[in-house]
Each structure stands twice: as C-alpha cells, then as structure tokens.
1. For the range 358-372, enumerate the residues that are more than 16 Å from N385 (Cβ to Cβ) and in a loop (DSSP other than H, G, I, E, B).
2. Please work out which one of (1) among the aliphatic types (A, V, I, L, M); (2) open to solvent by 20 Å² or more (accessible area, probe 1.4 Å); (3) part of a strand (DSSP E or B) is the condition L334 fails and give its number.
3. Looking at (1) in contact with a Pro (Cβ under 7 Å, 6 or more places away or on another chain); (2) within 16 Å of ligand 2 (Cβ to nearest atom), which is the one condition that is false for T245?
4. Quick check: is even one residue across the range 287-298 over 16 Å from P35 (Cα atoms) and loosely packed, with under 15 Cβ neighbours inside 10 Å?
5. If I go through the range 146-168 residue by residue, how many of them are assigned to a helix (DSSP H, G or I) and either within 16 Å of ligand 2 (Cβ to nearest atom) or open to solvent by 60 Å² or more (accessible area, probe 1.4 Å) (or both)?
6. Can K143 be described as touching a helix residue (DSSP H, G or I) at 6+ places or on another chain (Cβ under 8 Å), over 18 Å from N285 (Cα atoms) and either within 11 Å of ligand 1 (Cβ to nearest atom) or open to solvent by 60 Å² or more (accessible area, probe 1.4 Å) (or both)?
7. Only one of A94, A148 is away from ligand 1 (no atom under 15 Å from the Cβ) and free of Cβ contacts under 8 Å to residues at least 60 places away in the same chain. Can you tell me which?
8. Report, by residue number, each residue of the range 169-202 that is more than 16 Å from ligand 1 (Cβ to nearest atom) and either aromatic (F, W, Y) or crowded, with 16+ Cβ neighbours inside 10 Å (or both).
Amino acid sequence: MRVLIVGSGGREHALGWKLAQSPLVSDILSAPGNPGLAALGRTFPIKADQTAELCALAAREQVDLVVIGPEGPLALGLADRLAQIGAPVFGPSAAAAELEASKAFMKDFCARHAIPTADFKVFDDAVRAKAYLGTREPPFVVKADGLAGGKGVIIAQTRGEADRAVDEILFLRKFGTAGQRIVIEDFLPGEEASFFALCDGETALPLAAAQDHKRAFDGDKGPNTGGMGAYSPAPIFTDAVRDATMERIILPTVRGMAAEGRPFKGVLFAGLMVTPEGPKLIEYNVRFGDPECQTLMPRLESDLAPLLMAAAQGDLARATAPAWRAESAATIVLAAHGYPDEPLLGSIIRGANAADGMDGVTVFQAGTRRDEDGQLRAAGGRVLNVTALGASLKEAVDLAYEAAARIDWPGGFYRRDIGWRALNS
Ligand code: AMP
Ligand code: GLY
C-alpha cells in the first residue's frame, strides 16, 4: 500500500513513523513533509493548501490512501477533491470539517442533538453580545467562530474584560475573519482531556485519551500555543468516562452528522471537560492533535494502516478495536525562542539523533529543515517532539527529559513540568 501524508509537523512524522511499521505499507510519500518524514520516503515540495497539486500528486503516484494531518486543507475541501478523483482519503469533507472550522456550527449542532456542552449563544452584534454577558456569571468565555490556530478563545474574569474581548474580536478583528461571529459560552469547571475516535461516516471506534499543555511556560503561564507537551493515557479519563464520552458525545455526533448529510470520516478529536456530571464537549477538532498524536502512536500496538483504511472506506464496524501498550507515553515539545509570537528561525540543532537512539525514545521532527551541509536547523515554532515510553507516566516523563537534555540547541526552549497535573494527583 502506498500512503501519502499531507502536512509537515510532528503529528505527521508520528503518523508516518507508525505507518512505516505496517507490513501492509510499501511506500510513505509526504507533502511537504519534513526531515523526519524524508527519512521514511520521498517528500514533495507541495504545501498542504495546494489542493490541485496534491490531487495531481495522488493520481500520478497512484497512492492507495491519503492521510491529511492538519485542519487547514480539510476546511478547504482537500478530502472532497481527492474523493472526486477516486483516491481513498483519511480525513473529513469540508462540510464535516465545519465541526472544527465553525464553533457556531459545532455548538448549534450539539444543541440539535442534545450533546452535553456549555450553554452558549452566537452573536455578530456587539450590543446584543454585551447584553447577553449581563445575564451570565463570570468567568466569561468569548470565542471567535472560525479557525484561529487555537488562539481564538478569551476567558474573561470580569465583565469589563469580556466586553473588551467582544470588541477586540468583532470590531478590531483580532483574529481576522475568524471573528466575524463570536460564541459566548458558560465557563465549565473541571479537568480537560483530549479524546480521539476513528469515524467512518456511520460509526466510531474509540482510540485513546491524552492531555496536553497549551501555555508556553512552566506552571501554565505565558501565551497559548499549539501545545508544548502531552502525555497518554490521561489518568482522569477512566474507562467509565470513555464509555460515557462514546455514548453521549461521539456516537450521537457521528449519527447526527450522517443524518444532516455531512457524514464524518477521519478522526474526531474531542476536547473535553471532565466534570462531576460527566464529560462535556468544549470543542471538536477534525484531525489528530499535535502533540497528542505523538503520544498515541508509540502506545498503539495494533497496525495503524488497516484502521485508517477502514475509516476511509466505511468499514469500521468490521474492524477490531485497537490494542494499546500498557506503558505511558510523554512528549516534550522543543520550541524555538520567541515561539509562539515570533520564533527565531535558522538556529543549528545538534544531538537529535543521539536522543532518538536511546531505548524507548523517539524524536519526532516538526519545524526542522536540513541545510546544504545536512545540518539540522530550526524552521518553525515547534521544532522537535521528544517522546518516551515508560512503565509509569513518571518514568516516561523522566526518560523524555533525559533525552531532551542530550539535544544541543541553544536556540530553543521547553517546559520542565510536562505531566505535572497527573504526577501531582
Ligand atoms: P478551545 O479552542 O475551544 O478548545 O478553547 C481553548 C481552551 O480554552 C480550552 O482548551 C479550555 O482550556 C478553555 N475553554 C474553552 N471553552 C471553555 C469553557 N466553556 N469552559 C472552560 N474553559 C474553556
Ligand atoms: N494540541 C492541540 C491541538 O492539536 O489542537
């Protein structure tokens, strides 16, 4: 089987790394890929938003499965275009990707299908939005409707801050066109977890849960990022919570999307708040999490290729539930200084291979490139993802930090407290 992976991050490297272990997979192609993916197969300098070029590549290379990593191309309809040319694709249509691309769509969908989520209202008018804030209790949650790279959410402790958030998003367009509409919702107390389920348009198969760290600095301080580290499994995500999530959230979503003529194929990433009344949905993403995926792939014992193929082809009902290793996994994200605002690019990275060679450790490449001399350099904000397996979460975290310490990269930084919540509880 020839697989084409679309994307260039640590998530895509982790998917390629796992697929490369499958006896069913003969070739891993990627576009645009990164140095990690380049070690697994050919890469093509086509960006994830170059839909026509990617379709031409899939046809020319006669790929048997296209795996789309990031949300951008999904929202642009890459899966639809690939389906039109008959290429099996793992990833939802643009209509189904609305679950991530529009928070207003997602919240209204939840209301239509009685899926537990925070109470909310959608506005495009600041006066009405502020009047609604007057009827709610702090903290207030104000969100831009569209895709904002995980940054379009403001949690306001006071009414003044919430009013300002409304103005910043609707008038000042802090998040660009993503902020043409806003969602105001009630604050959900509890602990967060990310849960992943494969979907084939009709049914869903649970994968596993992870927890990530969105803030840039230790102690959950600093600006929000795409994610600075993750671990799996998530101790708060017990089997009972998983079953409740499948029954009340994931399966009603898959059935509801099918009933509304937007069958969802691919992976549903549910951002959940685990509350005393059970799991509630904070948001949906329509792809694997980055860096959550980097913790899931090393834990997955089963072959990934037939699972992705079954999701792509509507065959999940006949697939066997995936098996997981007993070990925990932890991922530490090494980011370039200045990330997330203005990462400094170009610095030299040494020692990634030495870390990758350690027993139980895998270094996934994200924003890296090789220069003319073959030297690894920073080429993005999140640069390397050091992942380790351990008998316990503590062992996994300790090993990941030991490996990270072998990487000689003065141009980067990482959090020193990945896993703190689970390790302290
Ligand atoms: P989102 O992009 O919707 O996942 O929101 C980003 C982050 O904001 C989430 O990971 C939560 O930490 C927080 N958040 C979003 N919505 C809520 C909510 N209703 N209650 C509490 N925290 C929230
Ligand atoms: N780590 C969060 C995300 O991928 O959206």
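The values are calculated or read from the model by the stated rules, or taken from the named source; none is laboratory data. Computed from a predicted structure; not experimentally measured. Don't worry about glycine lacking a Cβ; one is built from the backbone with ideal geometry, like all the others, and counts go over all protein chains shown. The protein model used for the area step is the full one, side chains on, heavy atoms only, and it has no ligands, DNA or RNA in it. Shrake-Rupley method; radii C 1.70, N 1.55, O 1.52, S 1.80 Å.
1. D359, D371, E372
2. (2)
3. Looking at each condition in turn, T245 falls short on (2).
4. no
5. Residues in the range 146-168 being assigned to a helix (DSSP H, G or I) and either within 16 Å of ligand 2 (Cβ to nearest atom) or open to solvent by 60 Å² or more (accessible area, probe 1.4 Å) (or both): 3 in total.
6. On the way: touching a helix residue (DSSP H, G or I) at 6+ places or on another chain (Cβ under 8 Å): yes; over 18 Å from N285 (Cα atoms): no; either within 11 Å of ligand 1 (Cβ to nearest atom) or open to solvent by 60 Å² or more (accessible area, probe 1.4 Å) (or both): yes.
Judged against the criteria, K143 is not a match.
7. Only one candidate passes the filter, namely A94.
8. L170, F171, A197, L198, C199, D200, G201, E202
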